[in-house]
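Chemist: Here's a structure for you.
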Amino acid sequence: MRELKLMKGNEAIAEAAIRYGVDGYFGYPITPQSEVMETLMAMRPWETTGMVVLQAESEVASINMLYGGAGSGKRVMTSSSSPGISLMQEGISYIAGAELPCVIVNVVRGGPGLGTIQPSQSDYFQAVKGGGHGDYKLIVLAPSSVQEMVDFVGLAFDLAFKYRNPAMILSDGVIGQMMEKVEFDEYKPRWTREEIIAKNPWAATGKPPTRERNIITSLHLQAVDQEKQNIKLQAKYKEIQEKEVRYETYLCDDAEYLIVAFGSSARISKKSVEIAREKGIKVGLLRPITLFPFPYKEIGAYTDQVKGILTVEMNAGQMVEDVRLAVEGKVKVEHYGRMGGMISSPDEVENALEELIIGG
Amino acid sequence: MGKVRGAIVVDTERCKGCGLCVVACPTDTIVLADEVNGKGYHYAKMGNPEACNGCTNCAMVCPDSCITVYRLKPEKSK
Amino acid sequence: MIDIKDIVKPENLVFKKSRVLTDNPMHYCPGCSHGVVHNLIAEIIEEMDIQDNVIGVAPVGCSVLAYNYIDIDWHEAAHGRAPALATGIKRLMPEKFVFTYQGDGDLAAIGTAETIHACNRGENITIVFINNGIYGMTGGQMAPTTLEGMVASTCPSGREHARDGYPIKITELLAQLPGTCYVTRQAVHTAGSVRKTKKALRKAFENQTRNRGTSIVEVVSTCNSGWKMSPVKANDWMVENMFPFYPLGDLKDE
C-alpha cells in the first residue's frame, strides 16, 4: 500500500531515496535544492536503513565522493543546481567513462553565471549533449510533478545499474519547491555486501584470491584501447536509444498542431492545449520523459499528421533543435520560452502557438 | 664465527641501471655491468661477490624491486 | 671458498619482491622514489594480509598507473580528487582499508580543498603523499612544493615568491587539523630511511583499525628527470635542499 503525503519536490526526492534503499548521498548546499540534503539530515537514515549522508566541501568533492561510492557498487546519489552541476561536469565525464551507475539530480535555476534562483530549463544541452569532455551520454529523466520526482529516483537507479551509466533527474525550481500530494512505496532494504558483489562483479570491493583485481578507471593510455572503450560506450547509448525512450501524449490523436514540452513547461502547456481546444484549435501535447534517449522517432511520426510544432521550454531554445532533428524539415518547428527564471503563463504559450505556428 | 656470507640475484631485464643499490651497499659489492640489458640499461650485478653479507640494503632502496637477497646462515663454529 | 650457488638457495632467502607487486615493469624513471614506496605498500598489504580488504585510490600524476603495479582493487581518481573518492569509499565500506596515493601537485595544488576537508572530517583513511617538488608526469613543471630558487620548466630561472608564491608546507597545515591522528614526513633515499618509512606506513594503515582519524605519510622524494640529475645526485640534492625545508620526522602521533 503506498503511503500518501503532501511534500515539496526536493523533500520527496530525499524520502524516495531512503525508501528505495540508496546507500549514500553526498551533496552541497545550493538554492533551489538544499532541502534535499536538509531533509535527509533531518530524517537520519543512517540510524534506520544505514544510508550515509554527507555534506561535502564543494560540488567537485561531492561528485568525486559519488565516483568513489559508485565504483564500490553502491547506490549513490547527489543533488545540486545548475552552477553546482557545472562544477560536477568533470566528475560526471569520469563516471561515464568508467561506466559507473549513479544518480545526479539537477534542480535547474536561471543562468548563465550566478544567474538567479528562479526556475529554468536552460541546462538541457548540458544534460543531454554532455557538459563534460568526451563522447558520453547521461540517461536524463525529466519529472513534471512531485510524484515523478519520487518515482524517477527508483527508475533512474534501475536504468543506471542496468546500463552501468550515470543517470540525471533534470528537474527545476518549480518542481523542487512546489508542494503536491505524493504516494510512496514501502521501504526496500539496501543491498547486502554479498548482493553487491554478485550484482556488480566489476566493483572495487577488495580483491579476493578468486579473481583478478578490479580497476575502476576511465584511463586507457593507448589510443587503440581508448577507441575500443568509446566504441563500447556508443553501442550502449545506441541500445538505450532503442529501448528506453519514454514520453507521454495528451490529446494528440486528432491534433493538427503539436506542442512539445518537458518538466514544468509541460504542465503549463497542458493548460494552453485546453485553452486552444476551447477556441477550436486542434493541438496536442507531447511530453518527453526521457531527454536522453530523446523521442526522435515518436515525434517524427507526427509529421504526417500535424502542420507545425511549437516547443515550449524555459530557455532560449535548446530542445527545439532536437525536435527539428526529429522532424527533418517536414513541418515548421518554432520555440517559445521565457528566460532568466521567468515563467510563462498558459495564455502566453497559447498566443505563441497562434502567432508562431498557426498564423505564421 | 666466520664472516656472514650473502649473495644477490638481480632481475637484469627489470633493472634500469639507476645505481642507487651501488651507493647503498655498505661493502661495495655491487657495480653496474658494462653490458646492457634489453632496454639498454647497464644493469646492476655483484662486482665483488665475496664482500656481500646479505644485509638487504640494496634490495630495500631498489625502486624496481629487482634484487633478491640470500644470506648463508652462519655455521656453528666448526 | 663458498660458491655463490651454495648461498643462493631457498632456505637462505632473506629478501624478495612482495607478491602483492605485479610483474609489470614500472614505467617510472630509473631511480624514482615511487617504485620504492610502491614496494613498501605492497609489503605492508602482504604482511597485514589485507589484499582482499584494501582499496587504493590512484591519482593523476606519475603514479596514475599504480594500478598496474600493486595487485589490489583500485579507483583512478581525477587529478586532486582522490581524498573525495576515498571519503565516499570509506564511508560506504567502513570495514575496508582505504588509502590514497598522491603527488604534491595532486594533493597540495588542485586537490588542496579535498585534502584539507577529508583530513578535517577525520576520514578514517591513509594518505600517502609523494613530495618531489615538481610535476613529474607532465614533464617537470613547478609544483606547490617547488622550493624557492628551484628550477622547473615553468620557472626556468628558478621559483621567485614574488611571482610564484612560496612553497607550501601542506603537511604542517594538516597536522593542525584535529581530524588527523598521525602525520609524518619520511624519505626512501637510504635503507635506514626506507625502514622508517615502512614503519610509518604500517602505522598509518593500522590506524584505520583504531578509527582515530586520518593518517598522512609524506615521503620527500626525488624526480631525476624533472630535476635533471642522476638518481644518486638527486638523492644528495634532496638531502641538501629539500630536507631543510621539509624536515623529516613525526609531526603528530596521537
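Chemist: Can you tell me which of A:GLY300, A:GLY317, A:GLY329, A:GLY280 is under 20 Å from A:ILE240 (Cβ atoms) and surrounded by fewer than 22 Cβ atoms within 10 Å (Cβ to Cβ)?
Modeler: A:GLY300
Chemist: Criterion first (within 7 Å of chain B (Cβ to nearest Cβ), β-branched (Val, Ile, Thr) and either part of a helix (DSSP H, G or I) or farther than 20 Å from C:LYS198 by Cα (or both)) does C:ILE45 satisfy it?
Modeler: No, not satisfied.
Chemist: Against the definition (closer than 22 Å to C:CYS62 by Cβ and either surrounded by 17 or more Cβ atoms within 10 Å (Cβ to Cβ) or modelled with pLDDT of 95 or more (or both)), how does B:LYS45 come out, yes or no?
Modeler: No; evaluated as a whole, the condition is false for this residue.
Chemist: I'd like the full set of residues that are more than 7 Å from every other protein chain (Cβ to nearest Cβ) and crowded, with 17+ Cβ neighbours inside 10 Å, limited to the range B:1-15.
Modeler: Across the range B:1-15, the qualifying residues are B:ILE8, B:VAL10, B:ASP11, B:THR12, B:CYS15.
Chemist: State yes or no: is B:GLY38 surrounded by fewer than 18 Cβ atoms within 10 Å (Cβ to Cβ) and either under 11 Å from the mean Cα position of the chain (by Cα) or over 23 Å from C:LYS198 (Cβ atoms) (or both)?
Modeler: yes
Chemist: Looking at the range C:58-76, which of the residues that are facing chain A (nearest Cβ under 7 Å), touching a strand residue (DSSP E or B) at 6+ places or on another chain (Cβ under 6 Å) and not in a helix (DSSP H, G or I) is farthest from A:MET88 (Cα to Cα)?
Modeler: The qualifying residue farthest from A:MET88 (Cα to Cα) is C:ILE72.
Chemist: Go through the range A:101-119 and give me each residue that's in contact with a helix residue (DSSP H, G or I) (Cβ under 7 Å, 6 or more places away or on another chain) and among the polar types (S, T, N, Q).
Modeler: A:ASN106, A:GLN118
Chemist: Shifting gears a bit: Out of the residues in the range A:207-226 meeting the condition of being at the interface with another protein chain (Cβ under 7 Å from one of its Cβ atoms) and of a type in the set (A, V, I, L, M, F, W, C), tell me which one is surrounded by the most Cβ atoms within 10 Å (Cβ to Cβ).
Modeler: Applying the filter and picking the extreme gives A:ILE216.
Chemist: Same structure, new question: From the list C:ASN131, C:ASN53, C:ASN39, which residue is more than 14 Å from chain B (Cβ to nearest Cβ), out of contact with any His (no Cβ under 7 Å at 6 or more places or on another chain), at pLDDT 95 or above and over 25 Å from A:TRP202 (Cβ atoms)?
Modeler: Sole residue among the options that is more than 14 Å from chain B (Cβ to nearest Cβ), out of contact with any His (no Cβ under 7 Å at 6 or more places or on another chain), at pLDDT 95 or above and over 25 Å from A:TRP202 (Cβ atoms): C:ASN131.
Chemist: OK, next. Just a yes or no: is a residue in the range A:235-245 at positive phi and surrounded by fewer than 16 Cβ atoms within 10 Å (Cβ to Cβ)?
Modeler: Within the range A:235-245, none of the residues are at positive phi and surrounded by fewer than 16 Cβ atoms within 10 Å (Cβ to Cβ).
Chemist: What is the one condition in (1) touching a Cys at 6+ places or on another chain (Cβ under 7 Å); (2) more than 27 Å from A:GLY130 (Cβ to Cβ) that A:GLU278 does not satisfy?
Modeler: Checking A:GLU278 against (1) touching a Cys at 6+ places or on another chain (Cβ under 7 Å); (2) more than 27 Å from A:GLY130 (Cβ to Cβ), the one that fails is (1).
Chemist: So which residues in the range B:16-44 are under 19 Å from C:SER33 (Cα atoms) and facing chain C (nearest Cβ under 9 Å)?
Modeler: If the condition is that a residue be under 19 Å from C:SER33 (Cα atoms) and facing chain C (nearest Cβ under 9 Å), then B:LYS16, B:GLY17, B:CYS18, B:GLY19, B:LEU20, B:VAL22, B:VAL23, B:ALA24, B:TYR41 are the ones that fit.
Chemist: Please work out if C:ARG163 is surrounded by 19 or more Cβ atoms within 10 Å (Cβ to Cβ), of a type outside the set (Val, Ile, Thr) and modelled with pLDDT of 95 or more.
Modeler: So C:ARG163 does not fit the description; no.
Chemist: Do we find a residue being within 25 Å of the chain's Cα centre (by Cα) and either farther than 22 Å from A:VAL349 by Cα or in the same structural domain as A:PRO166 (by TED's automatic domain parsing) (or both) anywhere in the range A:275-290?
Modeler: Yes, the range A:275-290 has at least one match.
Chemist: For the range C:80-124, which positions are under 20 Å from A:ARG193 (Cβ atoms), of a type outside the set (Asp, Glu), part of a loop (DSSP other than H, G, I, E, B) and at the interface with chain A (Cβ under 10 Å from one of its Cβ atoms)?
Modeler: C:MET93, C:PRO94, C:LYS96
Chemist: Return yes or no: is B:ALA59 out of contact with any helix residue (DSSP H, G or I) (no Cβ under 7 Å at 6 or more places or on another chain), without any contact (Cβ under 8 Å) to a residue 24 or more places away in the chain and small (Gly, Ala, Ser)?
Modeler: When the stated conditions are applied, B:ALA59 does not pass them.
Chemist: Which one of these is closer than 19 Å to A:TYR163 by Cβ, part of a helix (DSSP H, G or I) and within 14 Å of chain C (Cβ to nearest Cβ): A:GLN229, A:GLN241?
Modeler: That would be A:GLN229, the only listed residue that is closer than 19 Å to A:TYR163 by Cβ, part of a helix (DSSP H, G or I) and within 14 Å of chain C (Cβ to nearest Cβ).
Chemist: Could you tell me whether any residue of the range A:73-80 is assigned by TED's automatic domain parsing to the domain that holds A:GLY154, charged (D, E, K, R) and touching a Pro at 6+ places or on another chain (Cβ under 8 Å)?
Modeler: yes
Chemist: With the checklist (1) surrounded by fewer than 22 Cβ atoms within 10 Å (Cβ to Cβ); (2) under 21 Å from A:LEU100 (Cβ atoms) in hand, flag the one item C:PRO83 doesn't pass.
Modeler: It fails just one condition, (1).
Chemist: Could you check, for the range C:205-219, whether at least one of its residues is buried (at least 24 other Cβ atoms within 10 Å of the Cβ), under 16 Å from the mean Cα position of the chain (by Cα) and under 24 Å from B:VAL22 (Cα atoms)?
Modeler: Yes: the range C:205-219 contains one or more residues that are buried (at least 24 other Cβ atoms within 10 Å of the Cβ), under 16 Å from the mean Cα position of the chain (by Cα) and under 24 Å from B:VAL22 (Cα atoms).
Chemist: Hand me the list of strands (runs of 3 or more DSSP E) wholly inside the range A:24-113 holding 2 or more residues that are within 14 Å of chain C (Cβ to nearest Cβ), among the β-branched types (Val, Ile, Thr) and within 20 Å of C:GLU114 (Cβ to Cβ).
Modeler: By residue number, A:52-55, A:76-80.
Chemist: Tell me which residues, restricted to the range C:1-36, are buried (at least 22 other Cβ atoms within 10 Å of the Cβ), facing chain B (nearest Cβ under 9 Å) and either part of a loop (DSSP other than H, G, I, E, B) or modelled with pLDDT under 95 (or both).
Modeler: C:MET26, C:TYR28, C:GLY31, C:CYS32
Chemist: Only one residue in A:ARG277, A:ARG267 is in contact with a Ser or Thr (Cβ under 7 Å, 6 or more places away or on another chain), among the basic types (Lys, Arg) and assigned to a helix (DSSP H, G or I). Which one?
Modeler: A:ARG267
The values are calculated or read from the model by the stated rules, or taken from the named source; none is laboratory data. Please read all numbers here as calculations on a predicted model, not as lab measurements. Cβ sites come from the backbone with ideal geometry, for glycine too, and all protein chains shown count toward neighbours.
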